[in-house]
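*Asks:* Take this structure, written in structure tokens, and hold onto it; I'll ask about it next.
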Amino acid sequence: MGLSEFSEAFNQTQKKINKAADASGRSAEQITLIAVSKQQQEDNIEASLAAGHRVFGENRVQEAQQRWAARKNHYHDLTLHLIGPLQSNKVADAVRLFDVFHTVDRPKIAMAIAKEAVRQNKDIECFIQVNTGDEPQKSGISPDDLADFIEFCQTEADLSINGLMCIPPIDEEAALHFGFLNTLAARNNLTGLSMGMSADYEEAIKFGATHVRIGSALFGSRV
Ligand SMILES: *Cc1c(COP(=O)(O)O)cnc(C)c1O
């Protein structure tokens, strides 16, 4: 993929974001477009950087290090979002690399991220991943445990929480989950909503998404 190809995909996507925001009386400026660069080829990454994009999402710490650690020295205005599960033994590396964490979902990891951010003197933002479909194999905190977990993060872990994130079950109406996540956020006085991927970001924006995570619609299919 070259610069013009990326730019076209990006402009198309941004246009749809603007339209969805308009349709729900929101400003598109309230919506952060995270380009999900996982498993993408180098020329796609280079094209997006050449086009001026600086906000990227990755779901694995090690893969993200390979793609971004050196580039961070060149591009000081990068913002990197971790959108995949995090293990305790990767927390130090993750805090070094990432600026925003979307998958905080248990006390141990909340505590570890908070401690490491202090140790590295790094400003980070955090979202709690909610398992809105209560799927047994999926990460995320159960909706029933959310209020207590937010309380834990804010008081015991001293980790400030910007909002909530979800990945709807594939075989269900995504809108139901977006609406539910919106309700949970409002109930807990949180404003950030990380929801919506290539197939459903317009829908997510109607339900208040502040961060959409878009991979294949920008870059094409993954290798
Ligand atoms: C891969 C991934 C995305 C992007 O998916 P696309 O369908 O390619 O837009 C978004 N969110 C998470 C958590 C992902 O793992």
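The values are calculated or read from the model by the stated rules, or taken from the named source; none is laboratory data. Since we're looking at a predicted model, the values are computed, not measured. Glycine gets a Cβ as well: all are built from the backbone with ideal geometry, and neighbour counts include every protein chain shown. Remember, those area values only see protein heavy atoms, side chains included, never the ligands or the DNA or RNA. Shrake-Rupley method; radii C 1.70, N 1.55, O 1.52, S 1.80 Å.
*Asks:* So what are the ³J(HN,Hα) numbers for the stretch 17-24, from phi and the Karplus equation (6.51, -1.76, 1.60; θ = phi - 60°), rounded to whole Hz, Gly and Pro as x?
*Replies:* Once θ is set to phi - 60°, the couplings for the stretch 17-24 become 5, 4, 5, 5, 5, 3, 4, 10 Hz.
*Asks:* For the stretch 41-122, what ratio Rg/Rh do Cα atoms give with a Kirkwood hydrodynamic radius?
*Replies:* Rg divided by Rh gives 0.99.
*Asks:* Suppose every K and R has +1 on its Cβ and every D and E has -1 on its Cβ; what is the size of the dipole of the stretch 1-45 about the Cα centre, in Debye to the nearest 20? Write down the numbers at each step before the final one.
*Replies:* Details: 5 positive and 6 negative charges, 60 e Å.
Dipole magnitude for the stretch 1-45 comes out near 280 debye.
*Asks:* Among rounded, prolate and oblate, which fits the chain when a ≥ b ≥ c are the square roots of the eigenvalues of its C-alpha gyration tensor, a/c under 1.5 means rounded, and a/b larger than b/c means prolate?
*Replies:* Details: a/c = 1.76, a/b = 1.15, b/c = 1.53.
Cα axes put the chain in the oblate bin.
*Asks:* Could you compute the FRET efficiency for Phe152 and Ser4, with r as their C-beta to C-beta distance and R0 at 30 Å, rounded to 0.05?
*Replies:* On the way: r = 48 Å, r/R0 = 1.61.
Efficiency computed from Cβ-Cβ geometry: 0.05.
*Asks:* Once the whole set of protein chains is in place, how much accessible area is left on Asp200, using a 1.4 Å probe, in Å² to the nearest 10?
*Replies:* Rounded to the nearest 10, that gives 40 Å².
*Asks:* Using only alpha carbon pairs under 8 Å that are at least six residues apart, calculate the relative contact order of the chain and give it in whole percent.
*Replies:* 22 percent
*Asks:* What is the gain in length, in nm to one decimal, between Asn188 and His76 on full extension, counting 0.36 nm per residue of separation less the C-alpha to C-alpha distance?
*Replies:* 36.9 nm
*Asks:* Averaged per residue, what accessible surface does the chain expose to a 1.4 Å probe, in Å²?
*Replies:* 49 Å²
*Asks:* Determine the dipole magnitude for the stretch 62-110: charges of +1 sit on the beta-carbon of Lys and Arg, -1 on that of Asp and Glu, nothing else is charged, the reference point is the Cα centre, and the result goes in debye to the nearest 20.
*Replies:* 120 debye
*Asks:* Mean separation of Cα pairs under 8 Å and 6+ residues apart, divided by the residue count of the stretch 26-100: what relative contact order is that in percent?
*Replies:* 30 percent
*Asks:* Run through every distinct alpha carbon pair of the stretch 121-218 and return the Kirkwood hydrodynamic radius in angstroms, one decimal place.
*Replies:* Its Kirkwood hydrodynamic radius stands at 13.8 Å.
*Asks:* Here's a follow-up. Please work out the Cα center distance from the stretch 49-72 to the stretch 155-198, rounded to the nearest Å.
*Replies:* One Cα centre to the other: 24 Å.
*Asks:* Counting only helical runs of four or more DSSP H residues, what would the 222 nm mean residue ellipticity of the chain come to if each run contributes -39,500 (n - 2.57) and the total is spread over all its residues?
*Replies:* -12500 deg cm²/dmol
*Asks:* Heavy atoms only, probe 1.4 Å: what % of the accessible area of the chain goes to carbon and sulfur, would you let me know?
*Replies:* Percent of accessible area from carbon and sulfur atoms in the chain: 46.
*Asks:* With contacts defined as alpha carbon pairs under 8 Å and 6 or more residues apart, what's the relative contact order of the stretch 134-187 in percent? Mind showing how you got there, number by number?
*Replies:* Numbers: 21 pairs, mean separation 14.4, N = 54.
RCO, the stretch 134-187: 27 percent.
*Asks:* Can you tell me the order of 202-208, 86-92 when each peptide is scored by its average per-residue count of other Cβ atoms within 10 angstrom, highest first?
*Replies:* 202-208, 86-92
*Asks:* Going toward the positive end of the dipole of the stretch 22-177, with +1 on Lys and Arg Cβ and -1 on Asp and Glu Cβ, which of Gln120, Ile31, His102 do you reach last?
*Replies:* Farthest towards the positive pole: Gln120.
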